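Before any comments, here is the structure.
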Amino acid sequence: MRVLILGGTREARELAHIASGERGLEIVSSLAGRVRAPSLPEGAVRVGGFGGVAGLRAWLAANEVAAIVDATHPFAAVITANAAAAARISDVPLVHLRRPRWVERTGDRWVRVPDLLTAAAEIAARGERVFLTIGRQGVDAFAGLDRHWFLIRSIDPPEGPLPPRHELLLARGPFTLEDEARLLAGHRIDVLVTKDSGGDQTEAKLAAARAAGIPVVVVDRPALPEGAPVVESPERALKWLRDIRTRRG
């Protein structure tokens with residue numbers, strides 16, 4: 001049974017690892033190709049886009065894919081929507097693998113917002129020195145804020161215009177609590193902006209902000225398409241694949 005894993009996340013790599021040793025499953029992982037020197041999963045890998053819903057449908061048919069695991073980043077809304085549409089039209093079972101959301105704890109000073117433009121408006125009254133940790137996409141939502149200074153951290157250089165006053169820090173997690181605390185203190189950060197990516201690789205910044213009493217603007221995840229199940233771990237995704245294989249006989 002050939003399985004397409006839409007990947008790029010740690011969960012996708014973990015699933016490829018445990019599923020590759022599963023009898024009766026042939027795993028193909030797909031990466032968008034937007035990150036330089038990505039961590040590659042075990043097994044067969046394809047890199048690049050599919051060409052929208054029509055292109056993905058054609059690829060599924062040509063490669064006789066029997067099931068899809070959407071294990072993309074929680075904010076990869078376009079490929080998630082395309083995958084859901086292609087799976088529905090092609091009658092291919094699909095499951096979304098999503099790490100749990102971050103949970104606010106005692107001492108946190110969070111404000112949740114629906115999108116990046118709202119986040120940009122929200123920081124106006126919360127200080128002038130901003131730690132921006134939203135990845136390389138969407139930084140242009142803050143480009144018009146000339147009163148603020150930004151420490152922008154991402155794996156690869158951001159796309160589009162940047163705020164006029166900024167420092168760019170290219171780094172890949174995981175990050176330790178001690179390192180994040182030094183970063184906040186050393187750059188005199190007033191407010192942290194992050195997407196609710198979940199997971200423990202970049203969660204230390206939230207603990208550091210909590211300890212320092214720094215407010216955090218948290219951008220909520222886009223809603224998942226309706227109709228497909230959602231699991232929160234590679235092990236649960238593998239169980240789903242086993243169930244599909246059993247039903248196929």
| note | For the stretch 134-160, pairs from a residue that is over 21 Å from T9 (Cβ atoms) to a residue that is of a type in the set (A, V, I, L, M) and surrounded by fewer than 16 Cβ atoms within 10 Å (Cβ to Cβ), with Cβ under 6 Å and 6 or more apart or across chains, are A141/L117; I152/L168
| message | Which of the numbered conditions does V65 fail, given that it passes all the others? Conditions: (1) farther than 28 Å from A171 by Cα; (2) of a type in the set (A, V, I, L, M); (3) outside any loop (DSSP other than H, G, I, E, B). | response | (3)
| message | What are the pairs with Cβ atoms under 7 angstrom where one residue, in the stretch 1-19, is more than 10 Å from S29 (Cα to Cα) and the other, located anywhere, is part of a strand (DSSP E or B) and open to solvent by 40 Å² or more (accessible area, probe 1.4 Å)? Sequence gap at least six, or different chains. | response | M1/E26; R2/E26
| task | Check V191, V217 and return the single one that is more than 21 Å from the chain's Cα centre (by Cα) and open to solvent by less than 30 Å² (accessible area, probe 1.4 Å). | result | V191
| task | Those residues that are open to solvent by 20 Å² or more (accessible area, probe 1.4 Å) and within 21 Å of the chain's Cα centre (by Cα), I need them from the stretch 1-10; list them, please. | result | G8, R10
| request: Would you point out which residue out of R13, R105, R46, R57 is of a type in the set (K, R), within 25 Å of G198 (Cα to Cα) and outside any loop (DSSP other than H, G, I, E, B)? | output: R13
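The values are calculated or read from the model by the stated rules, or taken from the named source; none is laboratory data. Owing to the predicted nature of the structure, the values given are computational and were not obtained by experimental measurement. Cβ sites come from the backbone with ideal geometry, for glycine too, and all protein chains shown count toward neighbours. Areas reflect the complete protein model, heavy atoms only, side chains present, ligands, DNA and RNA absent. Shrake-Rupley method; radii C 1.70, N 1.55, O 1.52, S 1.80 Å.
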